[in-house]
Amino acid sequence: MAAHKVVCWDCGAEVDDPFVNTCPKCGGLLTVKMDLEKVKEMKPEDLRKAPIGVWRYAPFMPVDPAHKVSIQEGGTPLYSTQALGEAIGCKNTFVKFEGLNPTGSFKDRGMTMGVSHAKELGATVVGCASTGNTSASLAAYAAKAGMKCAVFLPSGKVAMGKLAQALFFGAKVLSIDGNFDDALALARKMADERKLYLLNSINPYRPEGQKSVLFEIIDQLCYDVPDRIILPVGNAANIWAVYKACMELKEVGWIDKVPMLTGIQAAGSAPVARAFAAKNKTFEPEPNPETVATAIRIGNPVSGRKALHAMYSTGGYCTTVTDEEIISAQLLLGRKEGVCVEPASAASVAGLRKLIETGVADKDERVVCICTGNGLKDPDTIINNCAPPIKCGNSVADVERILSQ
Ligand code: F0G
C-alpha cells in the first residue's frame with residue numbers, strides 16, 4: 001500500500017475518520033492524496049511484471065493488497081475502431097470496452113478497492129444507491145467478501161440485467177420511491193447513522209480503483225498519450241478518477257501531456273453540461289432527470305464540481321447528446337465493430353460524433369471513447385430499437401427468399 005491521506009478537496013483539512021464521506025469542517029468533498037515518492041523511483045515497465053488488472057497499479061492505490069477482494073477486474077480491451085472512426089469522421093478512434101469487467105461494467109474497478117478497504121476497516125455491512133451497475137458490482141464483491149449488502153434503487157428505472165445481478169448475488173434489494181438522487185440521500189443517511197459502510201463514489205476510495213482505467217489505456221497505447229478521452233457523465237466520479245490518474249502519472253514523470261477530458265451527458269439529465277456551457281464551477285441540480293440511458297439518469301451528481309474541474313483544467317469539454325443520438329451510436333458500434341455497449345456507454349461515441357460535426361474536435365485527433373458497460377445489461381432497450389425476429393417457414397426456399405430481400 002502506498003502512503004496516503006484523506007483530505008477535503010474544498011478546504012484541504014485532513015480527515016481521519018474512515019466512516020465519514022464529507023468534510024466534518026466544511027461539508028466539502030473528500031479525496032485521497034497519494035504519496036508517490038516511491039513510485040518516482042520506478043519505471044512503467046516495473047508494473048508490467050504483475051498480472052494485468054486493477055491491482056497491477058497497486059503502487060498508485062491506497063489499499064493494502066493483503067486485504068484484496070478481487071474477481072480479476074480490469075484488463076479490458078482497448079479496440080482500435082477504424083470502421084467506427086471512418087463512419088463518424090475521426091479515423092484514430094479507440095474504444096476502451098469496460099463491459100468486459102467481471103460484472104459487466106467499470107464499477108468493478110472501484111468496487112475491488114472500496115470493498116477491500118471496507119474489509120481493512122472490519123466493516124460487515126455495506127451499501128450503495130445505484131442506477132444499477134454500482135449495485136450489481138457491490139452485490140458481487142460483498143458476496144465474495146462475505147459481507148451483508150443493501151442496495152437502494154430508484155423503483156422501475158433500473159435495467160433488467162443489473163437488477164437481476166443484484167438479486168442473484170444475494171443483496172437486499174430495496175426499491176425506493178424516487179429517483180437515484182432520492183435513493184442516495186437515504187443511503188447516505190444510513191451511513192451517517194453508521195448502519196452501513198457506504199460504497200457510492202462519494203467514498204474517496206472508490207475513484208482510486210477507477211483510476212486504473214486510465215493507467216491501462218496509457219499502458220495499452222505504450223505511453224503515447226491520446227489527445228482526448230471521452231466519458232459518459234452521471235454521478236461524475238469516473239471522469240474525476242481519470243483526471244486524478246492523469247495528474248498522478250504526470251507527477252511521477254511517466255507522461256508529460258494530459259488528454260483533453262471530455263464529458264458527455266444525456267440531454268434530459270445534464271446539470272454538468274449546462275454548467276460547463278455557462279463556464280460555471282458549480283452546477284444547478286436537475287429536479288426531473290430523464291433519459292433512455294438510465295445509468296446516467298442523475299440530476300444532482302455528487303462529484304459534479306470535481307468533474308467540471310477535470311474538464312476545465314485539461315482543456316476538455318462537456319456537452320449533451322439526445323436519446324436518439326445515443327441509440328444511433330449504440331447501433332453503429334455494434335454494426336461496425338461487433339461491440340455491444342449499454343446506452344449510457346454509447347453516449348461517449350455519440351458525443352465524439354457530435355464534437356466532430358460541430359468542429360469542437362479535430363478529425364485528426366487520437367481519441368479514446370470509454371464505453372462503461374455491457375449492452376446485455378439492458379436487453380429491453382436493444383429489443384425496442386432493433387427489428388424483430390423474422391417469421392420464417394421451414395424450407396430452404398423460405399430462407400432464401402428472406403436472404404435475398
Ligand atoms: N456509464 C455507466 C454504464 C454507468 O453505470 C454510470 C454510472 C456512468 C457511466 C457514469 O459514471 O457516475 O462516475 O459519472 N452509474 C452509477 C450506478 C451511477 O449507480 O451504477 P459516473
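The values are calculated or read from the model by the stated rules, or taken from the named source; none is laboratory data. Predicted model, so just to flag it, every value in this text is computed and none were measured. Every residue, glycine among them, receives a Cβ derived from its backbone with ideal geometry; neighbour counts consider all protein chains shown. Calculation scope for accessible area: heavy atoms of the full protein, side chains included, ligands and nucleic acids excluded. Shrake-Rupley method; radii C 1.70, N 1.55, O 1.52, S 1.80 Å.
One Cα centroid belongs to segment 270-300, the other to segment 13-77; the line between them spans 28 Å.
The accessible-area ordering, largest first, of the residues 401, 228 stands as 401, 228, per a 1.4 angstrom probe. Our helix-only sum for the chain, with -39,500 (n - 2.57) per DSSP H run of n ≥ 4 divided by its residues, gives a mean residue ellipticity at 222 nm of -11000 deg cm²/dmol. Note on residue 395 and residue 363: their simple-model spin labels are 5.1 nm apart, each label 7 Å out from Cα toward Cβ. Measuring spread by the Cα atoms of segment 271-405 yields a radius of gyration and Dmax of 19.0, 65 Å. Over all projection directions, the Cα-based convex hull of segment 229-286 averages an area of 4.3 nm². Residues 218, 71, ordered by accessible area of protein heavy atoms at a 1.4 angstrom probe radius and largest first, appear as 71, 218.
At 1.4 Å probe size, with every protein chain present, just tell me what the per residue accessible area of the chain comes to in Å².
41
Model label sites at residue 313 and residue 247, defined 7 Å from Cα along the beta-carbon direction, differ in position by 0.3 nm. Taking Lys and Arg as +1 and Asp and Glu as -1, the other residues whose beta-carbon sits under 11 Å from that of residue 385 total -4. Electrostatic tally near residue 66: other residues with Cβ closer than 14 Å to its Cβ, Lys and Arg +1, Asp and Glu -1, net 0. From the Kirkwood radius over Cα pairs of the chain, Stokes-Einstein at 20 °C and 1.002 mPa s returns a whole-number translational diffusion coefficient of 101 µm²/s. Each residue, residue 279 and residue 185, gets one label point 7 Å from its Cα in the Cβ direction; the gap between the two is 3.4 nm.
Only protein atoms count toward the accessible area here, which uses a 1.4 Å probe; on segment 250-399, the carbon and sulfur part of that area reaches 53 percent. Build a GNM of the chain with springs between Cα atoms under 10 Å apart, and of 193, 73, 248 the one that fluctuates most is 193.
Accessible area per residue was computed with a 1.4 Å probe on protein heavy atoms; residue 103 scores about 10 Å². Taking the alpha carbon gyration tensor of segment 32-89, multiplying each eigenvalue by 5 and rooting it gives semi-axes of 30, 16, 12 Å, largest first.
Could you tell me the convex hull volume per residue, in Å³, taken over the Cα atoms of segment 315-382? Working shown, then result.
Values: hull volume 6.3 nm³, N = 68.
Hull volume over Cα atoms, normalised by residue count, gives 92 Å³.
Full extension of the chain between residue 83 and residue 256 gives 59.3 nm of extra length, using 0.36 nm per residue less the Cα-Cα distance.
In segment 182-262, Rg over Rh equals 1.10, where Rg is the alpha-carbon radius of gyration and Rh the Kirkwood radius from pairwise Cα distances. Residues of segment 2-35 with an amide N closer than 19 Å to a point placed 7 Å from the Cα of residue 64 along the Cα-to-Cβ direction: 2-6, 16-19, 33-35.
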